[in-house]
Amino acid sequence: MTVSVMSIRRARAYVQVARTDSLVRNSLFMMSSTVATALLGYVFWIVAARVFSGAQVGIASAVISLCSTVALLTYLGPAAMLVERLHAYERSRAWSAFLVQMSVATSAATAVVAMAAVPVVEHSKGYGLFFDTAGAAALTVTGAASWSLLNMYCSAFIAARRAGGLLAVQGLVSLIKVLLVVPLCAAGLGAPGLVVAWVASSVIGVAVGALWLLPRLGLGARPKRTGRRRRAYRPHYVYRPHYAYRPHYSRRARHARHARHARAPQPGGWRTDYLWRLIGQHLTSVGGQVTPIILPILVVLRLGTGPNAYFYITWMIGSVFFMVSPSISNALFAENVRARSGLRTTIVKAFRVISFLLLPAMVIMVVGGKLILSIFGSAYAGVGYGLLVLLAISAVPDAVSNVAVAVYRATNRLRYSASINIGILTLTSVGAWCLMPEFGLLGVGYAWLGAQLLGALVSIPAFRNLSEGAQA
């Protein structure tokens, strides 16, 4: 009885922490969003495989991959800049203006890149079957731009430390995508029907985010001034009559305006600084997220399509390790860019949450990895288990480097964050290419583990000289 009471109290304490602590709450929302999106994505492709032919699924998945890759390579930097700077405009019209400007510019850049990519691939052997249809190019450009815009909205929720909106919009998009598959198949659209389902769900998600979810945050509207506040400041204008012709300005607004002018940079200086920060954030994000796209290509080129099937399934299962620390690191980044967030406190808290969530998953995968892989077939368990163990071990140094990158980003040391992620990407790619002929799929695991260990080692300076009062 005592044990059960203690367990209930402990569970209540965990729930209370998850509800009140913004770092924990947003991390859990981001991880939940990843899980929900992945599960509904599996459902989408299972349904597609049953109602569409193999050729239709193949060409549709290739087009969707093209759209998502183009968006990934264009929105990552601007999305990080939203997390870094959007919080400074909260409770003012500038919040909405900055979000709209960044989102529109990023989606426009994505559309331009997509329009440049379509002529390159439309006459290829694989993509040519899709782009023979009318409007295929416009559909591809729309899909890439809407996916980029949707991810910018998700970054706005992270910046506001309200990642529940991210879960809502991504869950809605994934659900609508599943619901549209069968009707579009019944309409006889074929492969374009699958792409239409993916693009339409993204467009609906963009509309719901812009018209409902983002306005509900209440961060873009100027706070209303009550009559009581105006009466409180009337003596101020009596003694300083030269301000009387602008009674709607408060003392705080004037002070902020004068301070802003006092430290204003030279003309053009802020643009240069902004550009370099955007490049640094973009390179950091690209280095951290492009690896899962590159490795399957290297496996196919080096070992063939058969081994890539075992690699892809094993990496998909092992991705549970690489869901925890990136989500917590993104939440840590959003926390630390706010002036009132102490680095040491949030870093310690982040490592505690990572340990609490990551260690059980590692134990489960090491102990029951063969059983999990055997669901896909006995060959998967035999070939992929060793790689799965290496991925589990590498989750520890990966968490260290992810947290360090969040610290570097929040403290405006983007050369270090970009160097770590680009270095891990480069070492993994080169190492896997060199080791695969001798070790097979284990060569990819060895290269990934070695790159992560080196990345964690060079990340140690990020955690030095962080006092309790250090501000991001």
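The values are calculated or read from the model by the stated rules, or taken from the named source; none is laboratory data. Since the model is a prediction, treat every value here as computed from it, not as a measurement. Note that we place each Cβ from the backbone using ideal geometry, even for glycine, and neighbour counts take in every protein chain shown.
In table form, for the structure just shown:
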item	result
Flag for residue 352 being farther than 25 Å from residue 314 by Cβ and in a helix (DSSP H, G or I)	yes
Lone unmet requirement of (1) in contact with a helix residue (DSSP H, G or I) (Cβ under 8 Å, 6 or more places away or on another chain); (2) in contact (Cβ under 8 Å) with a residue 60 or more places away in the chain; (3) over 20 Å from residue 426 (Cβ atoms) for residue 308	(2)
Of all residues making up region 82-96, the number that are in contact (Cβ under 8 Å) with a residue 24 or more places away in the chain and over 13 Å from residue 160 (Cα atoms)	2
Hits in region 51-89 (condition: of a type outside the set (Ser, Thr, Tyr) and either under 15 Å from residue 136 (Cα atoms) or not assigned by TED's automatic domain parsing to the domain that holds residue 99 (or both))	56, 59, 60, 62, 63, 64, 66, 67
Qualifying residue in region 19-40 (condition: modelled with pLDDT under 85, over 25 Å from the mean Cα position of the chain (by Cα), surrounded by fewer than 15 Cβ atoms within 10 Å (Cβ to Cβ) and in a helix (DSSP H, G or I))	no
Matching option when the condition is β-branched (Val, Ile, Thr) and over 18 Å from residue 385 (Cα atoms), among 317, 354	354
Tally of residues being assigned to a loop (DSSP other than H, G, I, E, B) and under 17 Å from residue 329 (Cβ atoms) across region 404-458	3
Single match in 326, 360 (criterion: crowded, with 17+ Cβ neighbours inside 10 Å, out of contact with any Leu (no Cβ under 9 Å at 6 or more places or on another chain) and assigned to a helix (DSSP H, G or I))	326
Residue selected from region 48-64 under the condition crowded, with 17+ Cβ neighbours inside 10 Å and out of contact with any Phe, Trp or Tyr (no Cβ under 9 Å at 6 or more places or on another chain), by the criterion farthest from residue 185 (Cα to Cα)	56
